[in-house]
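Contents: one structure, followed by commentary.
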Amino acid sequence: MVDVLERPTPSALAPVTVGAREAYYTICPTFVASNVAQEFGWIEEELRRVGASLSYLRALPVEQGYLPHFSHRFAHLFRDGGNIPSIWAKADNVDTTLIGLTEAHHGGTIVVRVDDAARSLAALKGRRFGLSKSANPAKIDWWRATSEQGILKALALAGLSRADVEIVDIANEDRGFGEAARPSALWAKRRGELVFTPEARALEAGEVDAIFASHGRALGLERTGKFKRVEDFARHPDWSLQVSNSPYALTVNTDFAKANRDIVVAFLRATVRAARWLDANREAGAAILHRVTYHPSVADTEAAIAGTDFLPALTPRKLAGIDLQKRFLVEHGYISRDFDSRAWADASYLDEALESLSS
């Protein structure tokens with residue numbers, strides 16, 4: 001079939017031809033088992049067993065592979081990682097099916113300059129919080145959504161609200177990038193940029209007083225000696241505070257899944273194999289995950305995944321996390337349509353994969 005792709009200049013490139021038994025995949029730089037499965041070649045192996053083939057979406061030219069990573073508007077696509085683009089894709093772009101969720105390890109932090117006298121969020125009342133603002137209207141501004149949610153949660157913990165601080169928009173060009181053979185090659189090119197984001201540079205320059213940063217980014221910033229954390233969601237027992245572009249969502253185009261159930265089950269078989277391997281090999285797993293994520297070191301990655309359950313599942317708590325994330329996106333205008341997350345989820349593919357691996 002011929003897939004319809006998004007790109008700024010439709011006549012620039014010919015559409016990608018996708019075979020009936022060909023699947024594409026894309027994975028965010030997150031702690032999910034599919035990242036290990038693809039590094040080991042297990043997804044390709046499992047798909048070959050059912051007579052199918054696999055290609056990496058981001059190996060395509062930027063104009064063809066970048067925007068579909070967010071919108072899912074690319075037939076025969078598996079997407080694993082941050083749930084904000086996945087929710088936007090389902091709400092406003094294309095029909096997808098949720099086939100697995102991986103719970104995130106950390107909800108994020110609030111970072112200030114090291115010479116700031118603030119030692120708590122309460123001390124930041126009346127101060128300036130930097131918030132990234134994408135210049136790319138063709139995709140959801142997931143970075144802003146993640147940061148805005150984190151800032152508002154942190155303020156609430158200190159008994160403050162948005163009205164108690166000044167939100168400063170930090171321009172983010174948000175240009176497309178890609179054209180790498182596999183995720184590890186792609187993210188190796190981007191490691192520094194994933195830490196020193198535009199809002200981090202604005203904080204360093206004194207243009208704002210605080211920003212939200214994920215755990216890995218916060219570690220990278222702190223190692224420079226220029227920054228410190230004044231709030232860390234990991235210190236709170238409330239699991240809902242750890243919802244931050246997570247739980248990570250594994251989705252697939254619905255029409256493709258219905259027509260190619262064996263391919264979806266094969267993809268999940270590889271992911272489950274990787275999850276079980278990770279459970280038994282945390283140190284070696286950290287070395288592999290470090291290739292496709294952005295914590296400063298392998299040791300940092302190993303510490304971060306110490307308590308992570310990598311087996312994808314569609315449990316009530318994980319689905320409740322999706323509902324929390326979706327509610328924020330609806331209430332703050334990031335998506336235009338709501339939907340039933342329970343109807344989005346279909347556990348039958350994962351159940352079949354688990355059963356086949358136990359037989």
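What the table shows:
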| item | result |
| --- | --- |
| Nitroxide proxy distance, nm - points 7 Å out along Cα→Cβ at residue 188 and residue 119 | 4.5 |
| In sequence order, calculated HN-Hα J values of region 16-24 (Karplus, 6.51, -1.76, 1.60; Hz; x Gly/Pro) | 7, 8, 10, x, 4, 10, 10, 10, 10 |
| Tensor-based shape of region 260-332 (alpha-carbon gyration tensor, a/c under 1.5 rounded, otherwise prolate or oblate) | oblate |
| Violating pairs (Cα-Cα greater than 25 angstrom) within the set 125/153; 226/326; 125/228; 228/326; 153/228 | 226/326; 228/326 |
| Computed lengthening from residue 306 to residue 92, 0.36 nm per intervening residue step minus Cα-Cα distance | 73.5 nm |
| Choice from 161, 214, 34 showing the highest fluctuation, given a GNM over the chain with Cα pairs closer than 10 Å | 161 |
| Net +/- balance of residues flanking residue 248 in space, Cβ distance below 13 Å, scoring K and R +1, D and E -1 | -1 |
| Other-chain or far-sequence residues with amide H under 5 Å of residue 231's (modelled H) | 110 |
| Most mobile of 177, 129, 212 in a GNM of the chain (Cα contacts under 10 Å) | 177 |
| Additional length obtainable on full extension of the chain from residue 276 to residue 239, 0.36 nm per residue less Cα span | 11.0 nm |
| Fraction of accessible area attributable to carbon and sulfur, the chain (%, probe 1.4 Å) | 52 |
| By average C-beta atoms within 10 angstrom, highest first, the peptides 225-237, 343-355, 293-305, 62-74 | 62-74, 293-305, 343-355, 225-237 |
| Shape category assigned to region 75-185 from the gyration tensor of Cα positions, a/c cut at 1.5 | prolate |
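The values are calculated or read from the model by the stated rules, or taken from the named source; none is laboratory data. Note that the structure is a prediction, hence the values are computed from the model and not measured. Neighbour counts run over all protein chains shown; Cβ positions are idealised from the backbone, glycine included. Ligands, DNA and RNA are excluded from the accessible area calculation, which covers all protein heavy atoms including side chains. Shrake-Rupley method; radii C 1.70, N 1.55, O 1.52, S 1.80 Å.
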